[in-house]
Structure formats: structure tokens, C-alpha cells
Amino acid sequence: MSENLIYKEPINNNVKEEKEEKEENKEEVIYKETPFRFCVVTAYCLLSFANAVGWVTYSSTADKYKEAYNLTSNQVNMFGLIYMILYPIVCIPEAYIVDNISSYLGLSLSSFTTLLGSLLKAFPNKIFLAYIGQILCSVFQPVILNSPAKISAVWFKDENRAKITTICVISNNLGVMFGIIFHTFFIDDNSEGEEYKSQFEKYVLAEFILTAIFCVPTFFLVRNKPKIPVSPSQNQYKAPPLKTSLKLLFTNKNFNILLVCFTCIIGVWNMYGTIFTPYMAKYKISDSRAAIISSIANFAAIFFAMIGSYILDKTKKFRLILLICNLSALLIMVTFTLLLEFLNNLDIIFGFSIFLYSSLVGFLITIHTNGMDYVCELTYPVGESQSGGIIMSMNQISGIGLTYLGQWCIDSISEKKYITNIITCSALLISLITLWFIEDKLLRHEKENEGKLISEE
């Protein structure tokens, strides 16, 4: 067993008396899910979707945008990198706001800055406004990405949390997928110069309108928490102070192991999400076919994640499910590598790539969605946003590193196509090995069962 710190909230005499009174009236504790919980989830998903659309505003039409506004590739890429760069910088203080002050405040600030940033981006002729707008859209993104497990814990019972966390995470992925194609409704493939600029203005204006519609519900439908706790783990729950939380996290062996595992898994996912088209081009797969493979894979991943969350809610076998998904992803990547290296028929490669890459992405996103709940189970009573936020911060850093490494392999050692695949397989193997050493101690689930036993007595 790992020697993890155990947090005990300091109590004064009044609190002690309240606890003694609670001990005498255990049977009077009521746990209930309110129908309003679905309004909270809906508002969150709309906000997350809108923020994700803003992430790819410029990268989705990067080549034409660069030419029309006389920018360099690095200047255009910076619009997307702003999100990744700011994330680890602001993550911890924003997690503190959500866990220790008010989740409503955090999400409202995120909604406001996303809306304001989208408005500034609607003036594309002012490049400095576009950068400021992108900074505003990204500065409170950690609140959004760190909140799925928080929302599911506060508003839903133990047996429904994995499904709700998955739905919340997927809403962001759907926003990215929609954002990639949104510009095609307004910008003609053959447009150039002033014609392109005119179409781009309509595109960013339409994005602002969509953002406004999707962000406004946050202010009216989100609440900090329900009046009646939904489960024992949320009954009079109060997150530890920030300093204590950080100490609890980094002295928790299970958390550190999962941090390494996620750094590898999500780093790989982010890498392929960024360089998949040039990666497939090495094997003579056209851009259009690569786009088809990627699109099908992203949609298939949603079904993988939902099935995984359903099984997880029924079994609570976090470690086993993650091990199966990790091993499956590794075997699929090895098979994918052999297929790309030794087959020459492009039609056969294309057909098998759809199946293999869809399965790979499906297992990776299942690890991601289920892992967001797993880290909360392993680190309770640390706030969900703080534990998940640190995990996500490391994912962003590893994603940037692996993306640049993968792109360098494509550009600089293109004759050794397999190097990128070796990097991927190595990352998946490291995550599998580290995951094996986790002690499957579900602290939050134990709290739930403890409360159920008390109520039955």
C-alpha cells in the first residue's frame, strides 16, 4: 500500500457538535438528484462546444488566411497554440476558483470571456484584435476542460457519473470537429484575396452569433451545487485548501502514476489530431482520404467512449477497463504500423486505416473520459478540478512536445517513416506499464458505500 497523506478537515467545537448531532440523526440524511441537473449539463456542453469552435477558427482555414492577410505560418499557428500555452499557466488558480470558491463563478467568467473574445475576432482586419480575442477565448478554457468530473460528482449519483463525464468531455471534441468544417459554409475553396476576406468576415461574424447563443445559457442555467446533496461523498463536502490539495496530490503514488499514463496517452492523441494529414501523406494517402479517415475515427470514438462509460458505471472496474483499452490501443498501433510499412495497395491501406485508426482513437478517448473520473476516485477529497486540471496541464505540455517531435520526424527524416510509429508505440507501452502499478483504491467510491451502509442501518 502507498503511504499517501490523509486529509482531515480541522474542526472547532461548533462543528464538532454538529457532527455529533448528525451522528444521532443519520437516518434523516436525504440524497436526491434534482431534474435541474440536466439544465446544468446542457449549459455546460453548449459552452464547451462554443469554446472549442473558437480554438480552430484560424487553423481550419490556415493556408488561405495566411495568404489573404500576409501572415507567416508561425503567426497563424500561434492562434491555436495560445490555448495550449495559457492552459498550464492559469490552470491551478482557475481550479481553485471552481473547487474552493464557486463553479458558477468559474463557468460564468469562461462564458463571458469566450463571448467577448469571439466578438473581437469578428473584426478580422484588425489582427491585434484577433489575437486579443483568441487570448480571451482561451484564458478560462481550463475551467471548462477541468469541470466535467466536477459536474458529474456534484449533480449526479455514483452510478451515473462516468456517463455524464463522458458526455461533457465529448461536447468539447464535437466543438472541435464542427469548427474544422464550419468555415466551409461561408468560404469557397476557390476564393482568394478580397473575395476571401469578404467571406471570412461573414464566417467570423457567424461564429460570434453561434457563440453568443451557446454561451448565454451558462448565466441562467448553471448553479454552484444542488440544495440537497446527491450522495454521501458530496454531503457537506468542502475541498481542502489549495496548498493542502497540492501536497495530497503529489504525495499520492497513484496520482503520479496516472499522471505519467495520461501524459503519454493524451499526448499521442493530441499529436495525431494535429499532424494526422502530413503523417498519412508519408504513406501516399491523399489529404481528402486522410480527412475521411480522421472524421470517421472521431465519430466512432464517441460510441467507444459511451460504451466504456456505461460499462464503468456498472462495474467500477477503472483500472481493468483502462488496462484493456491501453493494451488494445498498443496492439492496434503495432498492426497499423505494419500495415502502413509493408502494404503498397493504397485502396487496401485506406480501408484498413479507417478501421484501425477509428479503433485507436476510440480506445484513447475512452481512457481519457474514464480517466477523468478515475483520478477523482484516487485523490478524494481533493477537488475534482484541481486533480483533473493538473492532469490536463501535463497533457497539453506533452501534446505540444509530441506534436513538434512528430512534425520534425516528418520533415527532417522522412525516409524513415516508421520513427513516428515507434514514438507512438513507446508512449503507449510506457502508459501500459505505469498503469499496471496503480493500486485500485477508489476513495470516493468507498465514501459512497460507507454512506449507504449508514443509511441502511
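Read the figures in this text as sums done on the coordinates, not as results from a lab. Just so you know, these numbers come straight off a predicted model, no measurement behind them. Every residue, glycine among them, receives a Cβ derived from its backbone with ideal geometry; neighbour counts consider all protein chains shown.
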Could you work out how far apart the two model spin labels at Phe299 and Ile30 are, taking each label as a point 7 Å from the Cα in the direction of the beta carbon, and quote it in nm? 4.6 nm
With a 28 Å threshold on alpha-carbon distance, the violating pairs from Lys64/Lys284; Lys163/Lys417; Lys150/Lys441; Lys121/Lys225; Lys64/Lys121; Lys32/Lys247 are Lys163/Lys417; Lys121/Lys225; Lys32/Lys247
In order over the range 189-199: 3J(HN,Hα) from phi, Karplus 6.51/-1.76/1.60, θ = phi - 60°, whole Hz, x for each Gly or Pro, gives 4, 9, 6, 9, x, 5, 4, 4, 4, 4, 5
What is the log10 of I(q)/I(0) for the range 254-411, computed with the Debye formula using one identical point scatterer on each Cα and no solvent, at q = 0.09, 0.12, 0.13, 0.14 Å⁻¹? -0.31, -0.54, -0.63, -0.72
Suppose R0 equals 35 Å. What FRET efficiency, 1/(1 + (r/R0)^6) with r the Cβ-Cβ distance, do Glu192 and Trp408 give to the nearest 0.05? 0.65
Averaging over every viewing direction, what projected area does the convex hull of the Cα atoms of the range 35-231 cover, in nm²? 10.7 nm²
Compute the signed sum of charges (Lys and Arg +1, Asp and Glu -1) over the other residues within less than 14 Å, Cβ to Cβ, of Glu201. +1
Taking just the alpha carbons, could you work out the radius of gyration and Dmax for the range 318-457, both in angstroms? 19.2, 69
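Where does the charge balance sit around Leu340 when Lys and Arg score +1, Asp and Glu -1, over other residues with C-beta under 15 Å from its C-beta?
Values: positive: Lys282, Lys284, Arg289, Lys416, Lys417; negative: Glu341, Asp347, Glu415.
Neighbour charge sum, excluding Leu340 itself: +2.
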Using amide H atoms built in the peptide plane, which far-off residues or other-chain residues are under 5 Å from Val230 H to H? Lys32
If the viscosity is 1.306 mPa s and the temperature 10 °C, what Stokes-Einstein diffusion coefficient in µm²/s follows for the range 235-297 when Rh is the Kirkwood radius over Cα pairs? 105 µm²/s
Helical mean residue ellipticity (222 nm; -39500 (n - 2.57) per DSSP H run of 4+; nearest 500) of the chain: -25500 deg cm²/dmol
From the backbone phi of the range 96-112, what are the Karplus-calculated ³J(HN,Hα) couplings (6.51 cos²θ - 1.76 cosθ + 1.60, θ = phi - 60°) in whole Hz, Gly and Pro given as x? 5, 4, 5, 7, 10, 10, 6, 5, 5, 4, x, 5, 5, 4, 5, 5, 5
Computed from the beta carbon distance with a Förster radius of 60 Å, FRET efficiency for Val334 and Ile228 to the nearest 0.05 stands at 0.75
Taking the Cα atoms of the range 375-450, what is the range of coordinates along each of the three principal axes, in descending order and whole Å? 59, 24, 12
So the angle from the long Cα axis of helix 287-315 to the longest Cα principal axis of the chain, reported in degrees to the nearest 10, equals 10 degrees
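Can you give the local net charge around Ser385? Use residues other than it whose beta-carbon is closer than 11 angstrom to its beta-carbon, Lys and Arg +1, Asp and Glu -1.
Charge balance near Ser385 sits at -2.
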